[in-house]
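Encoded as structure tokens, the structure appears first; notes follow it.
The values are calculated or read from the model by the stated rules, or taken from the named source; none is laboratory data. This is a predicted model, so every value here is computed, not measured. With ideal geometry, Cβ positions are generated from the backbone for all residues, glycine too; neighbour counts draw on all protein chains shown. In case anyone asks, the SASA skips ligands and DNA or RNA and just uses the protein heavy atoms, side chains included. Shrake-Rupley method; radii C 1.70, N 1.55, O 1.52, S 1.80 Å.
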Amino acid sequence: MTKLINCILNKDLSCVPVWFMRQAGRYLPEFREIRLQNKNFIKLCLDSNLSSEITLQPLKRFNLDAAIIFSDILIIPYALGQKVTFEKNEGPHLSSIDITNLLNVKEEDFIRKLNPVYEAIKKTKKKLNKNKSLISFIGAPWTLIVYMFDLKKSKNQIDLNKLKESERNIKIVLDVIIKYLCIHLINQVKSGADVVQIFDSWAGLIPEKKLTDYCYEPNKKIVEFCKQNNIPVICFPKGIKKNYKEFAEKVNPDCLSLDYEIDPEWAKINLSKFCLQGGMDPKILLKNEIEIFREVDKYLNIFKGHPYIFNLGHGLLPETDPAILQKVVERVKSFK
Ligand code: CP3
């Protein structure tokens with residue numbers, strides 16, 4: 001059993017496993033080089049050789065406990081028929097949703113479109129050291145809905161009128177997405193993934209009284225599917241603040257990933273039953289070594305004696321220096 005799985009499932013305390021969200025990405029020159037030659041991001045995600053190579057890039061540099069398969073959460077709307085493009089410095093753009101089309105998607109077409117992801121997982125698994133885990137992931141239904149219905153007004157706000165107008169359609173689409181997310185998830189595990197992380201990156205934008213419908217319930221259905229299939233599952237309901245406690249109690253995942261707004265001391269007390277992951281603000285990694293180590297040590301000390309996976313409170317920023325990440329990994333590994 002890998003260190004990561006032993007921590008998640010058995011609450012093993014003999015070491016603090018470490019990996020990073022967005023560990024395969026733009027802060028690595030070797031990623032940027034491949035990206036420069038592959039302008040179409042979705043196509044790159046669906047090139048199983050390149051995707052496997054990118055997945056393993058951070059593990060060649062650092063003593064990480066897990067690889068996370070290089071793909072994107074928006075591969076799901078793509079496989080369900082929406083066009084997905086990434087403009088430089090603009091973020092993703094999706095063609096408008098067609099509900100009739102979506103309801104007519106055939107399972108075999110969906111799986112065929114995503115087959116390169118499963119091939120990439122098989123290729124990566126073969127090359128991965130047996131004591132390292134392979135993490136697969138999906139976007140949570142709400143976070144996908146935000147992109148599929150283009151609900152965002154500005155960086156950190158959703159268009160509440162649009163949300164209200166789309167309510168009926170969202171309800172229909174939610175069930176379809178959950179079905180296909182479970183298909184994608186089980187196929188990733190059958191191909192060799194050891195654990196799944198569910199990214200609810202925009203959970204913090206849900207109006208409080210809609211949290212049950214759009215966050216707790218959809219995540220819970222997927223977590224229950226994981227449990228039925230013995231798949232270890234990590235949830236990341238980013239931005240919901242104190243509602244992490246209610247989320248944890250209702251959804252009951254094997255592990256909770258903390259965002260950078262969560263006070264780690266609060267988490268240790270209020271989420272005490274759960275294996276915890278992450279928390280440190282990725283912006284800290286842009287500071288000097290003394291400040292970085294102080295913050296790393298803070299998280300390690302607070303979670304001493306608690307099942308804890310070192311990670312960040314969101315993805316690594318493109319400006320991060322790989323050399324400092326090397327030192328952070330060594331610091332975590334030598335912590336006693
Ligand atoms: O290393 C890893 O973590 C694995 C690969 C991974 C990517 N995206 C690759 C990627 C993972 C796990 C994701 C998840 C993802 N994608 C999320 C959830 C996590 C989070 O960051 O909140 C979300 C919301 C997306 C959607 C997405 N994909 C956005 C908003 C963008 C553009 C802006 C940005 O943050 O880069 C992407 C593009 C993307 N996905 C890149 C990478 C490496 C950058 C592509 C590039 O321009 O080179």
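Residue-wise test of (1) away from the ligand (no atom under 16 Å from the Cβ); (2) among the basic types (K, R); (3) part of a loop (DSSP other than H, G, I, E, B).
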site: L276; (1), (2), (3): yes, no, no
site: L285; (1), (2), (3): no, no, no
site: K298; (1), (2), (3): yes, yes, no
site: L317; (1), (2), (3): no, no, yes
site: L325; (1), (2), (3): no, no, no
site: V332; (1), (2), (3): yes, no, no
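For region 50-64, the count of residues that are within 14 Å of the ligand (Cβ to nearest atom), touching a Phe, Trp or Tyr at 6+ places or on another chain (Cβ under 8 Å), at pLDDT 95 or above and not in a helix (DSSP H, G or I) is nonzero.
I'd like to verify a number: residues in region 239-268 that are in a helix (DSSP H, G or I), open to solvent by 40 Å² or more (accessible area, probe 1.4 Å) and more than 13 Å from P307 (Cα to Cα), how many?
Residues that pass the stated criteria total 8.
Of the listed requirements (1) surrounded by fewer than 22 Cβ atoms within 10 Å (Cβ to Cβ); (2) part of a helix (DSSP H, G or I), G305 misses just one: (2). Could you go through region 175-190 and let me know if any residue there is in a loop (DSSP other than H, G, I, E, B) and within 20 Å of N49 (Cα to Cα). Scanning region 175-190 turns up no residue that is in a loop (DSSP other than H, G, I, E, B) and within 20 Å of N49 (Cα to Cα).
All conditions but one from (1) in a loop (DSSP other than H, G, I, E, B); (2) farther than 22 Å from P318 by Cα; (3) open to solvent by less than 60 Å² (accessible area, probe 1.4 Å) apply to S14; the one that does not is (3). From the list K227, K283, the lone residue that is surrounded by fewer than 16 Cβ atoms within 10 Å (Cβ to Cβ), within 22 Å of Q188 (Cα to Cα) and of a type in the set (D, E, K, R) is K227. Are any residues in region 308-336 loosely packed, with under 14 Cβ neighbours inside 10 Å and in contact with a Leu (Cβ under 8 Å, 6 or more places away or on another chain), and if so, which ones? Answer for region 308-336, where residues must be loosely packed, with under 14 Cβ neighbours inside 10 Å and in contact with a Leu (Cβ under 8 Å, 6 or more places away or on another chain): E319, D321.
For region 205-224, indicate whether the set of residues that are assigned to a loop (DSSP other than H, G, I, E, B), in contact (Cβ under 8 Å) with a residue 12 or more places away in the chain, out of contact with any Leu (no Cβ under 7 Å at 6 or more places or on another chain) and crowded, with 16+ Cβ neighbours inside 10 Å is non-empty. Within region 205-224, one or more residues are assigned to a loop (DSSP other than H, G, I, E, B), in contact (Cβ under 8 Å) with a residue 12 or more places away in the chain, out of contact with any Leu (no Cβ under 7 Å at 6 or more places or on another chain) and crowded, with 16+ Cβ neighbours inside 10 Å. Do the conditions hold for K130, that is, is it among the basic types (K, R) and more than 21 Å from P58 (Cα to Cα)? When the stated conditions are applied, K130 does not pass them.
A count restricted to region 83-119 and to residues that are open to solvent by 100 Å² or more (accessible area, probe 1.4 Å) and among the acidic types (D, E) stands at 2.
With a requirement of 1 or more residues that are near the ligand (Cβ under 10 Å from one of its atoms), the helices (runs of 4 or more DSSP H) lying completely within region 66-161 that satisfy it span 75-79, 141-148. For the condition near the ligand (Cβ under 9 Å from one of its atoms), of a type outside the set (A, V, I, L, M), within 16 Å of I324 (Cα to Cα) and surrounded by fewer than 23 Cβ atoms within 10 Å (Cβ to Cβ), what is the one hit in R35, R22? None of the other options fit; the residue is R22. Listed by first and then second residue, the pairs with beta-carbon distance under 7 Å, at least 6 apart or on different chains, first residue in region 172-200 and open to solvent by less than 10 Å² (accessible area, probe 1.4 Å), second within 13 Å of the ligand (Cβ to nearest atom) and basic (K, R), are D200/K238.
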